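In what follows, a structure is listed as structure tokens, so that the remarks can point back to it.
The values are calculated or read from the model by the stated rules, or taken from the named source; none is laboratory data. Because the structure is predicted, anything quoted here is derived from the model rather than measured. Here the Cβ is made from the backbone with ideal geometry for all residues, glycine too, and neighbour counts use every protein chain on show. We work out accessible area using only protein heavy atoms, side chains counted, and drop any ligands, DNA or RNA first. Shrake-Rupley method; radii C 1.70, N 1.55, O 1.52, S 1.80 Å.
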Amino acid sequence: DSGVTQTPKHLITATGQRVTLRCSPRSGDLSVYWYQQSLDQGLQFLIHYYNGEERAKGNILERFSAQQFPDLHSELNLSSLELGDSALYFCASSVEMNSPLHFGNGTRLTVT
Amino acid sequence: AQSVTQLDSQVPVFEEAPVELRCNYSSSVSVYLFWYVQYPNQGLQLLLKYLSGSTLVKGINGFEAEFNKSQTSFHLRKPSVHISDTAEYFCAVTVRQGAQKLVFGQGTRLTINP
């Protein structure tokens, strides 16, 4: 058990809809990262937050947004969903910015 | 920007045979390097990391990797694999300073045959 909790585990929704994925980092970890894993794109870095502030952005679409709250949990919001957004979304946390990442078990999003 | 290339998408080996999973990286600045393993329906787990010091790093489950700066490589090795090592293995790189984002390779699927 990595200590990183992601909810929900599975999400099935229709195109055009909006969903929110939630991540609780390991106790004491200040950094939260979001990744998208798909068969054709592999593991793509989306965004990194450190202690509530955005620190780095990757290949995150404008339809996607994220935030980290004062209690350090994070949410990834995906809107105007398309079929191609179907993927595994992972959250990872670390105690400092260059520390190894601890991954949650992911949220599997299926857009129909 | 940094990047990672895992040269083999799939590696089949027999149980108790040695294995090497290849990883090359590209970066204009100093980096940290990692190997992660992903078992089916699970998140990624850290196998080992290179931050500084000795270029040969040992990780969990008997794996080790060697950082070669001149060849910009960080190959993963295990002298004798077990059926339970069947998984997807990811090499990853991040720069030591600046924007903190861990960039992953495409992964290598290691299949151990009895």
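Leaving ligands and nucleic acids aside, the B/A contact buries around 1500 square angstrom of accessible area in total at a 1.4 Å probe radius.
Burial annotation for segment A:21-65: residues with an accessible-area loss of at least 50 Å² between the isolated chain and the complete set of protein chains, computed on heavy atoms with a 1.4 Å probe, are A:L43. The mean count of C-beta atoms from other chains within 10 Å of the C-beta of residues in B:87-97, rounded to a whole number, is 2. Identify which of A:I47, A:I60, A:I12 has the largest mean-square fluctuation in a Gaussian network model of chain A, with springs joining Cα atoms closer than 10 Å. Maximum fluctuation in the GNM of chain A, among the listed residues, is at A:I12. At a threshold of 10 Å², the residues of segment A:70-98 that become less accessible to a 1.4 Å probe in the full protein assembly than in their chain on its own are A:F90, A:M97, A:N98.
Using only alpha carbon pairs under 8 Å that are at least six residues apart, calculate the relative contact order of segment A:1-42 and give it in whole percent. Answer for segment A:1-42 is 42 percent. Accessible surface comparison of B:S9, B:S3, A:S31, B:S70, probe 1.4 Å, protein chains only, largest first: the order is B:S70, B:S9, B:S3, A:S31.
If I compute solvent accessible area with a 1.4 Å probe over the protein chains, what percent of it on chain A is carbon and sulfur? Ligands and nucleic acids excluded, carbon and sulfur reach 46 percent. Over the protein assembly as shown, accessible surface divided per residue gives 48 Å², non-protein components excluded, 1.4 Å probe. Note on A:N77 and A:E62: the extension gain reaches 4.3 nm, defined as 0.36 nm multiplied by sequence separation minus the Cα-Cα distance.
The alpha-carbon of B:K58 sits under 18 angstrom from the alpha-carbons of these lysines, leaving out residues fewer than 8 places away in its chain: B:K49, B:K69, B:K78. Our summary gives chain A a relative contact order of 38 percent, counting only alpha carbon pairs under 8 angstrom and 6 or more residues apart. Computed 3J(HN,Hα) for segment A:55-72, one whole-Hz value per residue from the Karplus formula 6.51 cos²θ - 1.76 cosθ + 1.60 where θ = phi - 60°, is 10, 7, 10, x, 7, 9, 6, 5, 6, 9, 8, 8, 7, 10, 8, x, 7, 6, glycine and proline marked x. Take the Cα of B:L7, step 7 Å toward its Cβ, do the same at B:K58, and the gap between the two points is 2.6 nm.
Can you tell which of B:L56, B:L48, B:L21 shows the greatest fluctuation in a Gaussian network model of chain B with Cα springs below 10 Å? Highest fluctuation among the options: B:L56.
With a Förster radius of 35 Å applied to the C-beta separation of B:V29 and A:H10, the computed FRET efficiency comes to 0.35. Its Cα centre serving as origin, segment B:1-92 has a Cβ charge dipole (Lys and Arg +1, Asp and Glu -1) of approximately 340 debye. Counting heavy atoms of the protein chains alone, A:R22 has an accessible area of about 90 Å² for a 1.4 Å probe.
Across A:N51, A:N59, A:N77, mean-square fluctuation computed from a Gaussian network of chain A (C-alpha pairs under 10 Å connected) peaks at A:N59. The apolar share of the surface of chain B, taken as the fraction of accessible area on carbon and sulfur atoms (1.4 Å probe, ligands and nucleic acids excluded), comes to 49 percent.
Phi angles across segment A:42-52 convert, under the Karplus curve 6.51 cos²θ - 1.76 cosθ + 1.60 with θ = phi - 60°, into 3J(HN,Hα) values of x, 8, 10, 6, 9, 6, 10, 10, 10, 6, x Hz, Gly and Pro given as x.
Phi angles of segment B:102-114 translate, via the Karplus equation with coefficients 6.51, -1.76, 1.60 and θ = phi - 60°, into HN-Hα couplings of 8, 9, 9, x, 6, x, 10, 8, 9, 10, 9, 9, x Hz per residue; Gly and Pro are given as x. Heavy-atom accessible surface of A:H10, to the nearest 10 Å², is about 130 Å², with a 1.4 Å probe and all protein chains retained.
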